[in-house]
Amino acid sequence: MYSTMFAQENPMIRIETGHTALVLKVGKNQMLYQTYLGTKLNNSADYESVSKENTKSFVVNDGNPLIDLRHLTYPTFGTTNLFEPAIRITHNDGNPSLELAYISHSTIKTDENTTETIIQLKDPQYPVSVAIHYKAFYNEDVIETWTEIRHQEKEPVVLYNYASSVLHADADQYWLTQFFSDWAEEARMEDSKLTRGTKVIDSKLGVRTDMFAVPAFYLSLNSKSAENTGDLIAGTIAWSGNFKLAFDIDNNNELRISAGINPYASEYTLAPDKIFTTPAFIYTFSNQGKGQASRNLHAWARKYGVKDGEQPRLTLLNNWETTFFNFDEKKLTGMFTDAKTLGVDLFLLDDGWFGNKYPRSGSTSGLGDWQATQSKLPNGLGFLAKQASLTGVKFGIWIEPEMVNAKSELYEKHPDWVLSLPNRPQHTYRTQFVLDLCNPDVQDFVFKVVDDLMQTGSISFFKWDCNRMMTNAYSVYLKNKQSHLYIEYTRGLYKVLDRIKSKYPKLPMMLCAGGGGRADYAFLNYFTEFWASDNTDPYDRIFIQWGFSQFFPAVSVCNHVTSWGNQSIKFRTDVAMMGKLGFDINVEELKENELKYCQQAVTNYKRLSPVIWLGDLYRLISPYDESRAVLMYVNQEKTKSVLLSYTLHPMYDPNFSTVKLQGLDAQKQYKIEEINLMPDGKPVFEESGKTWSGDFLMKIGLKVSSPKKETSVVLEISAVE
Ligand code: DGJ
């Protein structure tokens with residue numbers, strides 16, 4: 001049921017979840033201000049006091065012109081604002097200014113858990129309006145916000161800035177946690193205290209945009225972010241193109257956080273009556289540090305943010321690291337048997353299966369020609385899929401449909417389909433070009449890549465890769481609107497993914513970008529999971545997985561056991577079990593006891609995966625703090641838990657301290673058993689098999705870590721009657 005309010009005297013608008021409130025208020029000047037963001041107050045009348053204390057100036061400008069500029073919900077450019085605008089626009093008459101006055105707001109309860117509030121703002125002089133949307137998820141304490149910008153001027157207007165959201169915070173100190181990345185070192189966490197001025201985390205890469213930074217942050221108030229204490233905002237932008245997160249501390253030590261599409265080189269010409277919709281900024285406020293923030297986001301993501309987020313995933317064997325481009329039908333069918341022997345659900349055929357005029361025998365040819373190479377696979381994909389099925393495993397396949405090699409039939413036929421700058425040398429990266437997804441014909445082609453493959457029958461899984469960024473980018477299709485390229489490419493890609501999702505709604509798909517160069521909640525609407533990194537050395541991988549675990553639930557993060565490091569098979573597998581388990585190893589080369597271990601680990605994983613995928617994550621010891629990482633997942637009923645302890649490179653005899661467990665039921669008794677032991681291995685956890693109360697485990701704790709470098713302990717914790 002809608003409730004709509006029109007410009008009454010200074011209305012207050014509350015966007016509330018179970019534990020959080022965002023409060024907005026209209027000033028006497030009809031501008032909209034944020035008066036509160038934080039832990040929900042018991043008495044809603046108290047928000048008036050907060051707003052009086054904090055924001056009395058919004059009601060009466062007491063002589064200081066700067067006061068009316070602070071805490072604006074969607075600050076504009078060109079009149080009185082002196083700070084970074086959320087929106088900047090030039091009107092048909094050349095006037096570069098915008099003012100946005102409150103017009104009305106409405107709130108609708110979409111279901112038991114979700115409320116949507118829409119606030120209409122409009123320029124008093126020009127026919128330009130902005131609708132701010134807030135979707136509040138009650139149980140998960142998550143808010144999604146975005147805007148719709150439209151106008152009725154005679155000709156198009158030019159948009160220069162178009163943030164999804166601006167949030168304000170007032171604290172003595174502001175601490176930022178960011179996630180810097182590169183190939184093979186994704187999602188590394190770095191904390192810094194913000195100083196006056198603006199700190200920007202953004203991407204200008206056009207495609208594979210997260211390669212240098214994950215579009216996510218923690219902003220902690222007054223102290224550095226901690227796992228279980230402190231007020232912080234965890235935010236992320238659901239946009240797969242260039243993004244921008246800016247943190248601006250002004251002369252008054254007040255912080256503005258703006259998030260959205262990166263307006264860099266992207267002035268946008270908006271036609272009358274067309275709507276420019278900004279992507280959703282997704283955030284949660286936690287007064288119990290990063291741990292609670294992650295659990296909020298994970299719970300939200302499983303339900304609303306990740307394709308089939310509450311459904312089971314397929315464990316798999318991938319051939320990439322074993323064969324690279326060098327395989328044939330015989331080798332692959334042999335690997336189907338290996339997958340079956342391991343006990344996984346699916347065989348995933350990676351890069352190198354396609355191209356006939358220019359077979360894909362390396363990264364220099366064939367990309368774009370999505371027909372099986374006859375010399376390698378004479379009986380085609382249908383045969384392979386059938387053989388896999390006869391062996392008892394499903395069949396999945398790798399594609400990189402947004403890209404093309406110069407040595408391909410596709411490029412010979414459509415040289416104008418690639419992004420390429422006139423009068424400049426063409427620039428390749430991994431000897432490939434980016435296809436122009438702004439062009440609807442290219443969109444049709446990319447859709448057909450998946451659609452045609454689905455017609456070959458029995459493809460149960462896709463890995464969708466993307467191995468380069470945009471350089472020398474120019475779209476023949478966009479003609480004189482080149483500044484739309486970054487945005488239209490991303491929208492074009494979403495159009496393709498929308499078509500795939502609507503035709504194949506249950507098809508599981510893994511997102512990959514030369515490792516973890518793509519991870520955001522716009523993509524995850526279409527993908528069941530993403531590949532975190534090509535770096536599968538378990539030592540490094542612990543940090544990478546730790547980083548992604550802050551924002552993405554385990555069910556969406558793919559980890560494979562490979563031979564990248566020289567560590568034991570147990571350590572490699574135990575580390576991969578932190579998320580969605582897969583293998584990318586030569587099974588034939590495993591020793592007998594290693595194979596036995598893997599088979600047992602897969603069985604254990606299948607039993608425990610509902611807890612790992614759907615349970616709550618408690619990060620107990622960070623690898624950034626000690627030379628070990630300890631974490632546990634607990635199911636919703638608090639009857640089953642898995643604890644994973646990974647020892648990194650401690651000094652001799654580290655004497656690791658006791659670890660207090662979290663998330664259990666204090667009243668329950670729990671039996672703890674060490675699992676995932678090598679066939680001839682002894683438990684590290686000497687008390688394996690004993691029972692403790694949840695109260696004891698959470699107040700006193702246990703010694704759970706192995707003292708030895710690059711070893712691991714997996715504990716299965718089960719409530720007993
Ligand atoms: C990069 C991916 O991250 C790898 O897993 C593999 O699929 C290669 N591309 C194939 O070219």
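Couple of notes before you dig in:
- Put simply, the Cα atoms of region 653-721 extend 35, 26, 16 Å along their principal axes, the longest span coming first.
- Debye log10 I(q)/I(0) at q = 0.13, 0.16, 0.18, 0.25 Å⁻¹ for region 529-581, Cα point scatterers: -0.24, -0.37, -0.46, -0.88
- The alpha-carbon atoms of region 283-349 define a convex hull whose volume equals 136 cubic angstrom per residue.
- Taking all C-alpha pairs of region 513-627, those more than 17 Å from each other amount to 56 percent.
- Magnitude of the charge dipole, region 482-612, Cβ model with Lys/Arg +1 and Asp/Glu -1, debye to 20: 600
- Computed over the chain: relative contact order in percent, which uses C-alpha pairs under 8 Å that are six or more apart: 9
- If R0 is 35 Å, the Cβ-Cβ spacing of Thr195 and Met12 corresponds to a FRET efficiency of close to 0.60.
- Pairs over the 24 Å Cα-Cα cut-off, from the set Lys394/Lys501; Lys122/Lys199; Lys394/Lys503: Lys122/Lys199.
- With the convex hull drawn over the C-alpha atoms of region 149-306, the volume per residue is 131 Å³.
- Distance from region 485-547 to region 120-170 (C-alpha centre basis), Å: 27
- Taken over the alpha carbons of region 424-553 as equal point scatterers, the Debye sum produces base-10 log I(q)/I(0) values at 0.11, 0.15, 0.17 Å⁻¹ of -0.47, -0.85, -1.04.
- Largest first, the extents of the alpha carbon coordinates of region 387-473 on the three principal axes equal 54, 24, 20 Å.
- Kirkwood hydrodynamic radius of the chain, Cα pairs, Å: 27.1
- If you wrap the tightest convex hull around every Cα atom of region 564-673 and split its volume per residue, you get 134 Å³.
- A straight chain from Tyr160 to Lys448 at 0.36 nm per residue would run longer than the Cα-Cα distance by 100.2 nm.
- Pairs beyond 24 Å (Cα-Cα), from Lys330/Lys463; Lys40/Lys135; Lys135/Lys244; Lys204/Lys357; Lys668/Lys708: Lys204/Lys357; Lys668/Lys708
- Kirkwood-Stokes translational diffusion coefficient of region 316-459, alpha-carbon pairs, 37 °C, 0.692 mPa s, µm²/s: 206
- With the convex hull of its Cα atoms as the shape, region 115-171 has an orientation-averaged projected area of 5.7 nm².
- Accessible area, probe 1.4 Å, largest first, for residues Asp172, Asp273: Asp172, Asp273
The values are calculated or read from the model by the stated rules, or taken from the named source; none is laboratory data. What you are looking at is a predicted structure, and each value in this text was computed from that prediction instead of being measured. Counting neighbours? That spans all protein chains shown, and the Cβs are built from the backbone with ideal geometry, glycine included. Heads up: the accessible areas ignore ligands, DNA and RNA and are worked out on the full protein's heavy atoms, side chains in. Shrake-Rupley method; radii C 1.70, N 1.55, O 1.52, S 1.80 Å.
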